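Here's the structure, in structure tokens; my notes come after.
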Amino acid sequence: MSMAAALAAGVALVLSVVGTRIALAWLLERRYLDHPNERSSHSAPIPRGGGLAVTPAILLAWGGLMVSQGMDAWNGFLLAGAVVLLVLSWLDDRHTLAAAPRFLIHGAAVAAALACLEPDALVFQGWLPLWADRLLAALGWLWFLNLYNFMDGIDGITGIETACLGLGIALLAPFAAGPALICAAAGLGFLVWNWHPARIFLGDAGSIPLGFLLGGLLVQLAVSGHVAAALILPAYYLADATITITRRLFNGEKIWQAHRKHFYQRAVQGGRSHAQVSLAIAAGNLVLMAASVLAVSGQVLAGSLTALAAVAALLGLLQSWSRGRAA
């Protein structure tokens, strides 16, 4: 890791901590509060809009690092897309925009970034023709972007996931270490204010751009030849969100509406604290990081089986907690 990358990560950490405190005061003054309802995991009104600090902290640090190293098209499109998604998502936080135009803009941001990749930069390493490679990558990135928002439902969970993914990507992909560490640092900075009991929530203005940027870094990891590792690192989030949304779809529910049916949410309903659940997810993510190292070192089967076992164990633990039982 270069000194410039370390400095940029430190800047992101400070900006995230200080900026979130400023955002908290501003949101309280404006009474921009998330009031609890039957789908909430909190019981008191909490300011929502921490993304107004966390996302700019990442953009400023990442942009500054890229300017010092020479901005390329890929990073330029990632940063530009995140700016657009920040504005869109803040409007959605405040006014609840219709789903169709939101998803259309999400798709446009993903498509623009993928379009700047060279034709030989294949996400799935030549297993698919170029058009299918790009289509599947776009769909996967779009899903990840939105599930990052779906999974932001208890105190600490997004800060934990962002830190783990950022550190994992930095460990596996030195070429993306700077941006990955910047994301990790900003996530840790937000935890200062979002750890249970949270004083502020991230909101869509944070979770949507974070999903976009981290999804872009995972695409970079896959393009470098490590598809398995790119799927292993976020495997818990992918599994919880996909299983839960599939269940809701089969039950005829409106899957775009807020709910409390994710494994981690039901664990909290079963009596575990937000901190206990978030720490359990952090522990699971550490195992996934180790599994991804195995995959990158050439032991793809061992890494994949380790990841599968870790995710199954974590989901099983959360499921048992949802019934009010200790594992």
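To keep it simple, each residue is scored yes or no on (1) more than 23 Å from the chain's Cα centre (by Cα); (2) surrounded by 15 or more Cβ atoms within 10 Å (Cβ to Cβ); (3) within 21 Å of Ala228 (Cα to Cα); (4) not β-branched (Val, Ile, Thr).
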| site | (1), (2), (3), (4) |
| --- | --- |
| Cys116 | no, no, no, yes |
| Leu122 | no, yes, yes, yes |
| Leu128 | yes, yes, yes, yes |
| Trp141 | no, yes, yes, yes |
| Asp152 | no, yes, no, yes |
| Thr158 | no, yes, no, no |
- prompt: Does His274 meet the test of being within 25 Å of Arg199 (Cβ to Cβ), surrounded by fewer than 21 Cβ atoms within 10 Å (Cβ to Cβ) and touching a residue at least 60 places away in the same chain (Cβ under 8 Å)?
  reply: no
message: So Ala82 passes all but one of these: (1) in contact (Cβ under 8 Å) with a residue 24 or more places away in the chain; (2) out of contact with any Pro (no Cβ under 7 Å at 6 or more places or on another chain); (3) surrounded by 19 or more Cβ atoms within 10 Å (Cβ to Cβ). Which condition number does it fail?
response: (2)
- request: Sort out which residues of the range 119-170 are farther than 17 Å from Gly215 by Cα and small (Gly, Ala, Ser), and write them in order of number.
  value: Gly126, Ala132, Gly153, Gly156
message: Looking at Gly107, Gly206, can you tell me which residue is crowded, with 24+ Cβ neighbours inside 10 Å, under 27 Å from Asp72 (Cα atoms) and under 19 Å from the mean Cα position of the chain (by Cα)?
response: Gly206
- line: Of Leu231, Leu317, the only residue that is modelled with pLDDT of 95 or more, crowded, with 18+ Cβ neighbours inside 10 Å and farther than 27 Å from Trp141 by Cβ is Leu317
- line: Exactly one of Ile160, Ile200 is in contact (Cβ under 8 Å) with a residue 60 or more places away in the chain, among the β-branched types (Val, Ile, Thr) and farther than 25 Å from Ala291 by Cβ, and that one is Ile200
statement: Of the residues in the range 191-220, those that are under 15 Å from Leu27 (Cα atoms) and in a helix (DSSP H, G or I) come to Trp193, Asn194, Asp204, Ala205, Gly206
query: Within the range 234-266, which residues are crowded, with 22+ Cβ neighbours inside 10 Å and in a helix (DSSP H, G or I)?
result: Tyr236, Tyr237, Asp240, Phe263, Tyr264, Gln265
Residue identified as surrounded by fewer than 23 Cβ atoms within 10 Å (Cβ to Cβ), in contact with a Leu (Cβ under 6 Å, 6 or more places away or on another chain) and of a type in the set (Gly, Ala, Ser) among Ala170, Ala132: Ala170
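The values are calculated or read from the model by the stated rules, or taken from the named source; none is laboratory data. Note that the structure is predicted; figures quoted are calculated from it, not measured. Cβ sites come from the backbone with ideal geometry, for glycine too, and all protein chains shown count toward neighbours.
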